[in-house]
Structure formats: structure tokens, C-alpha cells
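Let me begin by presenting the structure, written as C-alpha cells, before commenting on it.
The values are calculated or read from the model by the stated rules, or taken from the named source; none is laboratory data. Nothing here was measured: the structure is a model prediction, and the numbers come from that model. Counting neighbours? That spans all protein chains shown, and the Cβs are built from the backbone with ideal geometry, glycine included.
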Amino acid sequence: MTQAPTQPGAVLTKPPFLRAPEASRTILLVIFACACLPLAAGVFFFGWRVIILTAISVATCVGVESIYYRLTRQPALRRRTHAALMGLLLALTLPPFVPWYVPLAGGVIAIVIGKAIFGGVGHFLWQPALVGRLAVVVLFAPPLWSVVELTRPAWPVLAVNRVITGDIANVRPAERYVSWRDTQATGSNDAFELPTPRKILRELTTDQARPPESIGEQLAKLPSAWDIIVGAYGGGIGETCSLAILCAGLYLIYRNYVNGYLSGMMILAAAVTAAVAPVRTAAGDFRWLPLLIEGSDVGFLYVVYQVLAGELLLSAFFLAPEMTSRPVTAPAQGIFGLLCGGLGMLLALYTSIPIPFYAAVLACNTLTPVLDGIRPRVLGQRRWWQKKS
Amino acid sequence: MPRRRFGTFSGGINLPAEKDATLDAAIAPWPVQELRIPLCPLPAAQAQPVVAPGDKVKPGQLLARTDDPQQVNVYAPLAGVVGDFTDVLVPDDFFGWRSSRAIVLKDLQPASQPNRPDFDWEHADAAELLERLREGHLLLCSGPFDNVSRWLESAIESAADTLICNVMENAPLVTADHRLLAERGGDVVRGLAILAKALSVAHTMLAVDSQRTGAYRSAARLAGALKIDTIALAPKYPIEAQAMLTQVLTRRQVVPGRSTLSVRVAMVDAATCAAAYQWAALGLRQTHRVVTMAGRGVKSPGNYLIPFGTDAAWLLAQACESEPPLRVHGSPMNGRELAVGAVVGPRTNALLGMEDSYAGPPTPCIRCGWCSDNCPARLNVAALNDDFELAHLDGAKARCVTACVGCGICTYLCPARLPLMSRCQQLRQMILREAKAATP
Ligand code: SF4
Ligand code: SF4
């Protein structure tokens, strides 16, 4: 009892004296690790160029963030793990054949416009990686600068005997597509080109010079279901492998880093929209409920293809649930997911926007402050009809 | 009484219990050498000493007297010799400490108070019981910083119709109330019956943790005989918070910023009940407290009967083989860091050695939403954190921060390591103080 007594009001550690083990960094690192799963699938199907693009994107984001922090000294910006995650997510959304300056430009815009000018983590309104992706679409598309064919009709995949090691730039068109497993590259060509499933599906709903005979006929042109599930078709680096995205996404839901409501509602809304929204018939008029037009088996396949082919899954599990730009409460996240999925599917069906679901997520991000108003009643707070006048 | 199903509450989490070391440790005495007994156990005028240095005192003898109804008389826990006066720290609102004059008691003899069963509580009416309890100068061991008789008065004033004894105790490590109910269940249950009679309430309930009912069989049997409902509830944290237990048991939601009395529920803990019985029936003064000592570095974890006025830091040092990184008084979720000079009092339900939970400076909120998802009061904690940082008191008022029950879940979960609970509690305190100043 020799110590001097503590003065009342001295600064002491405040309770609780126990802390859950998860820090922000842990969360970001786990999401980063999970996002590496679709990336691995991307490397497998699109070759070593993917690694370079991803490295450029991640390095750009981290570098820009560091420079911006050095200039402004805003503590909220010293979050390099978050910047790295944004870089990785941006890379996952990019096509595998773009030149090196595309991820560079996307990364700079993602961090500066998407994140830094809002004040960093916790403050930005739109998911930064998608801001970068949108900028890429705008910058490198026809009116401005169409060197890169972001909207080219056929996208490449490496052939079976050239996976990982092949160069995605050496392409030839596939003459007759059966299944990815039967593709063999010969000579200097490593990859073959296919129309993206989205493009084939879009022919059913948009104005065509020669409208397709039936949904079934159109589905026959698509890669097999197995190819769609493992990701052996043309698409963004991390968009194609449904299996990898699902595994990683479910793990994130299990860790409570992603709210299952949001992802579930987004996929559900997209599926319902696809099942109900009208398609064009051969005669050129619209018919509702494609799920039932040609029998439920064809309709079911149609809906499954609409959901799996494209960027919906990546959006639902990695991009829409980004913590800062989504609403906070579970019901609000459900509504957010519904809006994203529904709007995204409508854009995918009836417009020629190259990134329908990303655009939908960005649009719904704008609504986040409104959706954040949905809150449970505070314990003991009077309901509005009980309020005293 | 018709069987009712009890609900639960939204939010809350399952904490690691970590109670195994002390759950079955019987209450044991602990030898002490010196006591420093505070003359200001409550935040009111100091009690005036009636002994002088050098006087020999017997256990239970009056040491200081007060006429202030907000203060209590001070009694000697053990036999000894009165020494000098000194200063000690006692717990205060909002996780802090308050200074108090204290009487030093030296040359302690291990003697206990003699039973003086001179009051027939079973046949006394409410007024007689109230008078008897007022003479007891008992302190509440949880809830507001007040004495039992003032608390009873305010409960009668607010027409309380339900009395709940809260033995949920589901914060990690703490087992003091559990042992008290398991070993001295008779005292606790009879004390609860005495308080119920004094309050003339319609329902009396004993709320216990459903995982430990096996230890409470005899208490539950006695409770049945005394028309007290024993209710076992699942231990989701923070069901031990008064507002949460009230909601689960009575479906009434406590008015934000007020106590459970605002919905006519009076709530006590096991230690207060036991003290009420020991005074009312046996004439024993409230001079000891069952304290759980456990946690990191504690070589003899257990539940010990400690006289008031024991130096808490000394006691914990005795129990530890090495200095723990952090010493905690009370629950690890919402207790306070042990200050040097603090003494054991009615609120010392635990003295714990803890790991230092400081994991670096706070980082910006990433809007993960875990704080508000799990807040049992359904507060928008992240927004309240913004209100705190911007000193935006009106915003906090509109978000009803006064409903915060101080459970600590938000800080526990926050991956950005923001001190959310203490900020919410500060906002709450400021708003309550402002409201108090506004009312004449
Ligand atoms: S705001 Fe209060 S009631 Fe809510 S979790 Fe934090 S401490 Fe508990
Ligand atoms: S838990 Fe922390 S980081 Fe998450 S929303 Fe709440 S304040 Fe922000």
C-alpha cells in the first residue's frame, strides 16, 4: 500500500475491458483473401496477364492513397489495406484483355474521386472500385477514346491446353463452340473468342434485325451450364467463375462481413425480374413471363443463365455489400439488394450499358443515405402515435 | 399463476463466459490486516465519526452517524482499534471514482457480529418493515447510488407493482451473486420476500440463469413457499441489464433516461436481498461483500467474503502471482479500472485481472453496422459517435441516447476500436444533467 492514491477523475481505461478480436484491418484482409478466389479463377482462365493487371490496379490504388495522405494528412485516408482491396475489386471487374493503362486510370479515379475527396473510409457515397470501373467505361469508349474495345462483340478465354500460362492477347475466333473442354489451341494462338453470354441473351430482349426464333434456340448458342458455373467463358477477370464467387461470398456471410439479406435479395430480385420481364418473340412483340413461355424447363434455364452469366454474383457478394456505401440495418440492406438486383437486371435486359449491375449498384449507393433512415424503434421510445403533442 | 412464456430482446450477443474457475468455488473468508472504512459511502454529506483514534471497536459497532436521509451510518466490519483518518476512493457514476474521508481500523480480530434476532419479520406489516429497513442503513449493491430505504420510498412513490431479484449475472468472469444464491439462497430469497412485503408488490420474481438452475434448487423451493416466481432465462448478454430484464419479464420498456421504476418495476440484486434479510431478521449490519477474484494472473481464483474498507488493489495483489496488465473493479464489460486507493464496498462484486484490451488508437468508422445491429437498446451507435465527435447534443437527443443501458457491446464489437459506450454514456450523462437543470 505504498503507491500514491489515484486522483479522482484521473484518466483510466474505460470499459469494456474485453474486446472482440476483429479489427477493421482483419475484416479488410479477410475480404481481400476471399476476393483472391475469383482472381485465381481469372488467372486460370485468362492467363498471366491478369496478374499484371491486378498488380497494376492494386499498386495504383495503394500508391495514390499514400500520396494523397502525404499531401493532405487526413488520417481517415491512411488506410492502405482498404485501398488495396479497392484495387483488387476494380481489377476483378475489368476485362482481361485491356492494356496496362486501363487499370492505372481506373485506380487513380477510384481512389481520388471515389474515395479521397469524400474524406476516406466511412464517408464516401459510391463504391470506389465501381466509380473507377465506370470511369474506365466512359474514358475508353467510343466518344472519347476507343482504342480499347471494351464493348467488343466476342471476348476471349484461354484454351484448355494453355490455361494459366497462355497469353490472352493471342486470340482466334472459335469456329463452332461446343464446350470449353473440347477447345484445343494450336500454333501461336492461346485463346479463342466467344460472344459473351450477356450479348447472346440480350438479343432476346432488344431490337434485333433478325429476332431469334425462340428462347430455347438462343440458349443453345450459350456455353454449357458447366462452363458457366466454373467460369470458362468470356467476361471480366473475376466475374465468370460462379463457383469461386459463391464459396468466397458464403464464407464472408458466415463471418458476418456481408449481410446475407443483401446478397440474397439482390440475386432473388434479379432472378424474379428475369423471370417476369418481357422478351421479344420472333414476331417482334413483347411477351411477359419468359419463365413460362416455352415451358418451365426452358424458362428455368433462361433465368439461371441470366443470373449466372455476367457480373451479378460478383456485385452481390463483393461490390454491393461494401460497408461504407451500403445501408446499415438489415431491412435497409434487404431493400438495397432488391433495388440493385431489379434495376441491374432491367439494365442488363433492355439497355446496352456494358456494366448493368455495376451501374445499378452505383445508382442505389446514391439512395443509401435515404435507406439509412430505416431504423428500429429505440428501446422505450414512444411510438409516433404515443408522442405527446 | 398461469404459465407465461418469456420472450427475449433484440440485439445482444453471446459472450464467452469464462466462469469455470470460480463457478463452483465456495464463498471463503480472506484475512485482512487493515481497513479504511469510507465515511461517505454515498454522494451526500459525510457521516460524523462517533469514535476517536485509539478506541477499541466491536464488529457491527457504530463508527459514524448521520442525520442526512441520503447518507447512511457507518459500522465496523470487524473488531479492532480505530486509527487515523485518511482518504479513499469509492465508485462513482460513469466508471469513475470519488474521494471520501475514511476511518482506519487496525489490529483486526477475526470476530463476527452476534445474531440479534429481535425482529419478527414474518408477522410485521409493511410500515414496520420499512421502519426496520430504514434503521438498517443498508446500501444498494447495484443500480442507483443510493440507500435501500430511499430506494424503497421512491419505489412506493412510483407505485411499483413488480419486484425482480436480478441474479442473471452473465458478464464474463463474475460469479459473486451466483455463489450467494447457491450457498445462501435462504437469505437471498427471504430478503427478497422482506423487500416485497415492504413494497406490497403484486408480483415478485427471482430471475436466474437457465444454465445454473441446478445450484439453486433449495432457493427455488423456498421461493415457491414464499410466493416468489423463480424464472430461468437464457443468458444472452446483456440480459443482466435492468432495462433488458424488465422488458423480458414484464414486456414493459423502460422510459429512456429513467430507471425501471418508470414502468413500475423495482429491481434488486442478490447481495442487497441477503443484506436486507440479515439485518431485518438477524440484526446483522451490512459490512461485508462477496467478491469474485479471477482472471489473468490470479493464482487463487474464487469467491471471497471481504469486509468493506479492504484496500482493493492490495487484495488483488495478494491474489495474483504477477501484476496483471489491467486491474478491474466490477464486471469486465461495464466495471471500472481499479484505482490505487479504492476500497471494497457494496458494489465490489468482482476484482479481476485482465489483459490490456488496448489494441491501438481508434480508426475511422467503417460503417460495418455491428454496433447498432447488436445494441440491445436499438440505438444508432455509429451516428451517435458522429454526434459526439461533432459535439452535436441535439442530434444525440433526437436519437434517444438516454436509452443506452451501458452494456458495452458496441465497444466490444467495434472493429475500428472506437470507445462507443463511453461516448454514448457521456452524451447520456450530459443530456440527463441538462434535463435535471431545466426542471425546477
Ligand atoms: S449504445 Fe449503450 S446499450 Fe447500445 S450497445 Fe452501446 S453500451 Fe450497449
Ligand atoms: S462498430 Fe465501429 S466501425 Fe462498425 S459501424 Fe459501429 S462505430 Fe462504425
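Listed here are the residues, each with its yes/no results for (1) without any contact (Cβ under 8 Å) to a residue 40 or more places away in the chain; (2) surrounded by fewer than 23 Cβ atoms within 10 Å (Cβ to Cβ); (3) not polar (S, T, N, Q).
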| residue | (1), (2), (3) |
| --- | --- |
| A:L289 | yes, yes, yes |
| A:L319 | no, no, yes |
| A:L338 | no, yes, yes |
| A:Y358 | no, no, yes |
| A:P369 | no, yes, yes |
| A:I374 | no, yes, yes |
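Residues checked against (1) within 25 Å of B:E183 (Cα to Cα); (2) surrounded by fewer than 23 Cβ atoms within 10 Å (Cβ to Cβ); (3) away from chain A (no Cβ under 11 Å):
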{"residue": "B:P324", "(1), (2), (3)": "no, yes, no"}
{"residue": "B:P332", "(1), (2), (3)": "yes, no, no"}
{"residue": "B:A342", "(1), (2), (3)": "no, no, no"}
{"residue": "B:S357", "(1), (2), (3)": "no, yes, no"}
Residue match in segment B:395-405 (condition: more than 16 Å from ligand 1 (Cβ to nearest atom), among the hydrophobic types (A, V, I, L, M, F, W, C), farther than 30 Å from B:V104 by Cα and surrounded by fewer than 21 Cβ atoms within 10 Å (Cβ to Cβ)): no
Selection count, segment B:380-434, where residues are in a helix (DSSP H, G or I) and near ligand 2 (Cβ under 10 Å from one of its atoms): 13
Any pair with Cβ under 8 angstrom, 6 or more apart, that starts in segment B:307-331 at a residue that is more than 19 Å from A:P16 (Cα to Cα) and ends at one that is hydroxyl-bearing (S, T, Y): B:P307/B:T287; B:F308/B:T287; B:A312/B:T348; B:A319/B:S300
Filtered residue count, segment A:178-232, keeping only those that are closer than 20 Å to A:G47 by Cα, at pLDDT 85 or above and more than 27 Å from the chain's Cα centre (by Cα): 0
Test: residue in segment B:349-370 that is assigned to a helix (DSSP H, G or I), in contact (Cβ under 8 Å) with a residue 12 or more places away in the chain and more than 8 Å from ligand 1 (Cβ to nearest atom): yes
Members of segment B:359-379 found to be among the hydrophobic types (A, V, I, L, M, F, W, C) and either within 12 Å of ligand 2 (Cβ to nearest atom) or on the phi > 0 side of the Ramachandran plot (or both), listed by number: B:C365, B:I366, B:C368, B:W370, B:C371, B:C375, B:L379
Residue in segment A:59-72 that is surrounded by 18 or more Cβ atoms within 10 Å (Cβ to Cβ) and part of a loop (DSSP other than H, G, I, E, B) present: no
Residue within segment B:115-127 that is crowded, with 17+ Cβ neighbours inside 10 Å, at pLDDT below 95 and assigned to a helix (DSSP H, G or I) present: yes
Some residue of segment B:410-428 being among the β-branched types (V, I, T), facing another protein chain (nearest Cβ under 7 Å) and within 11 Å of ligand 1 (Cβ to nearest atom): yes
